[in-house]
Amino acid sequence: MIKYFKNGNFRMDYNGEDIKTIFFLRKENTEFDLRNGIDTLFATSYNEEERKLIKSTLEKSEIIIANRKCHMLVHQMENTRNSYWYDPSIFIDPKNYENSKFSFTDKYFEQTKSPWLKYTYDGVNIQINYTAIEIIVEELNDNLWQ
């Protein structure tokens with residue numbers, strides 16, 4: 001996955017079999033998903049979250065990712081656990097996501113003020129892991145979100 005951030009928007013491009021690209025547009029507070037082999041654009045509003053966040057904790061971490069010492073945040077829901085490792089020196093303005101309730105995006109950025117460098121989803125029947133291998137700072141063209 002390659003993840004881009006600009007002005008509260010983000011985009012994730014994948015190289016797997018299911019998801020092709022995820023766009024989050026701050027102005028619409030909505031995520032748009034393109035999937036491989038499907039000609040439908042899926043939209044998810046970030047205006048609300050029905051799941052309950054049971055516990056949100058900052059935990060000790062000794063993990064080094066892309067030559068950066070990372071902190072760890074865990075969001076525990078009823079049947080899932082999301083673990084995030086992040087470097088607080090990479091700043092993302094949490095105000096850009098203060099109305100983004102879905103998946104507790106607002107709470108994540110409020111607590112970390114940083115993009116995650118490693119993410120683990122532990123669900124009932126599945127575990128998903130993403131880990132950054134490189135961080136590049138560059139000027140992004142606005143048409144990346146069109």
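The values are calculated or read from the model by the stated rules, or taken from the named source; none is laboratory data. Since this is a predicted model, take the numbers as computed values, not measurements. Counting neighbours? That spans all protein chains shown, and the Cβs are built from the backbone with ideal geometry, glycine included. Remember, those area values only see protein heavy atoms, side chains included, never the ligands or the DNA or RNA. Shrake-Rupley method; radii C 1.70, N 1.55, O 1.52, S 1.80 Å.
See the values below:
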read-out: Number of the exception - Asn15 against (1) open to solvent by 40 Å² or more (accessible area, probe 1.4 Å); (2) part of a strand (DSSP E or B); value: (2)
read-out: Qualifying residue in the range 29-39 (condition: touching a residue at least 24 places away in the same chain (Cβ under 8 Å) and among the hydrophobic types (A, V, I, L, M, F, W, C)); value: no
read-out: Hits in the range 95-139 (condition: free of Cβ contacts under 8 Å to residues at least 24 places away in the same chain, within 17 Å of Lys3 (Cα to Cα) and surrounded by 17 or more Cβ atoms within 10 Å (Cβ to Cβ)); value: Phe109
